[in-house]
Amino acid sequence: MKKLHYLAIAIVSISGLRPAAAADSRVLGQAGLTLPSIEIPSPEAPKSNMWLTLRKIQVNTAAPEMNDKLVGLVDKNFDSYTAVRELTQAGFKVQAYQSNTGGYMVFADVTGQDAADWAIGLARYYYITEVRVGQKVYDQIFGARNKSTYAVKQGTIKGGMNYSPVDLKVDKLNWAITGGINHSPANLKIDHDARSITGGANQSWVNLRFVWSTEQVTMLGEANNSPVKYTVNWKQGLLEGYASASPVRLEFDLGQGYADQTIVSIKGYAGHAPVDLVFNKVNGHIGGSMNHSPVDVNLVNCDIYDFLQYFFLFLKNPALP
């Protein structure tokens, strides 16, 4: 790998995260979203990424005019050679550099390409912790005048499960989950600063805190009138712990590094019942069975990360019939 000195460090200098009003893109379109303003084909990037993908994208404040190159910071625990190989196989023109701090970064040349779409594609890799883009590219994705941003941040999960209709709204502008599930209203507030989820769902108070990293998220607290503690590890493909007065263990394969994998299988047990689900990345449909009942729901502007992270919400309250 090439050694990059102080200039590179300045380019990727890290500032605080700003709330991002997400935009549509062709990459997101393959997960059920659209962006009319971006029409150039995007790379077939893996869909396996953490739930705050868009928050990785930041303005390259040291070089805001650099719109033809993307700077991706690589997780310090991930092998940079593997990152370059996977990204190259996915169509990115990348080179890796090492800064004086000992960390690695990749520079992706997007000259003549749709930089906004490639930036979102790069950010979807779990081992890319941050993507720095030029001001013009950032404005194209998150611009306040982009009328598509509001719709993208308003997700829904609708259908049926637990012999009950499901009609949930996932508001990623105000960070709230509202609607109904399990024949009861849901009203949850997600506070990223306090790393907490509070409110009510399944006829029970919800008081949770979450511990987040690039590879996993852990939920701890109380929901469904019972203690909750489970960890979703995206890299290992495992959700394990307990919730709704029962042990929970789910195994899944997000197809990390495989652009053509569109089906995710989720198998295990929860709520003292087997779980056998299939998620379609293209149309956002989850089908199968859990809680001794069929599952038929559609995710719009959401992803399997939302479903697994907030899994406590989709379990039944053991205190209710």
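The values are calculated or read from the model by the stated rules, or taken from the named source; none is laboratory data. It should be emphasised that the depicted structure is a prediction, and the values quoted were computed from it without experimental measurement. Quick reminder, even Gly has a Cβ in these numbers, built from the backbone with ideal geometry, and neighbours come from all protein chains shown.
Overview of results
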read-out	value
Single match in 90, 115 (criterion: within 26 Å of residue 216 (Cα to Cα) and outside the structural domain of residue 305 (by TED's automatic domain parsing))	90
All positions within segment 177-202 that are in contact with a strand residue (DSSP E or B) (Cβ under 6 Å, 6 or more places away or on another chain) and either over 21 Å from residue 303 (Cβ atoms) or surrounded by fewer than 17 Cβ atoms within 10 Å (Cβ to Cβ) (or both)	180, 182, 183, 187, 189, 195, 196, 198, 199, 200, 202
Residue ID - nearest to residue 215 (Cα to Cα), chosen from residues in segment 96-136 that are hydroxyl-bearing (Ser, Thr, Tyr) and assigned to a strand (DSSP E or B)	129
Within segment 190-232, tally of residues that are out of contact with any Ser or Thr (no Cβ under 9 Å at 6 or more places or on another chain) and not small (Gly, Ala, Ser)	8
Unmet requirement for residue 220, which otherwise passes all of (1) among the aliphatic types (A, V, I, L, M); (2) in a strand (DSSP E or B); (3) under 23 Å from residue 183 (Cβ atoms)	(3)
When residues of segment 203-219 are limited to those that are aliphatic (A, V, I, L, M) and either surrounded by 15 or more Cβ atoms within 10 Å (Cβ to Cβ) or in the same structural domain as residue 78 (by TED's automatic domain parsing) (or both), the one nearest to residue 310 (Cα to Cα)	219
Leading residue by the ranking (farthest from residue 221 (Cα to Cα)) among those in segment 163-198 that are without any contact (Cβ under 8 Å) to a residue 24 or more places away in the chain and among the charged types (D, E, K, R)	167
Strands (runs of 3 or more DSSP E) contained entirely in segment 234-314, each with at least 1 residues that are more than 16 Å from the chain's Cα centre (by Cα) and aromatic (Phe, Trp, Tyr)	238-243, 263-270
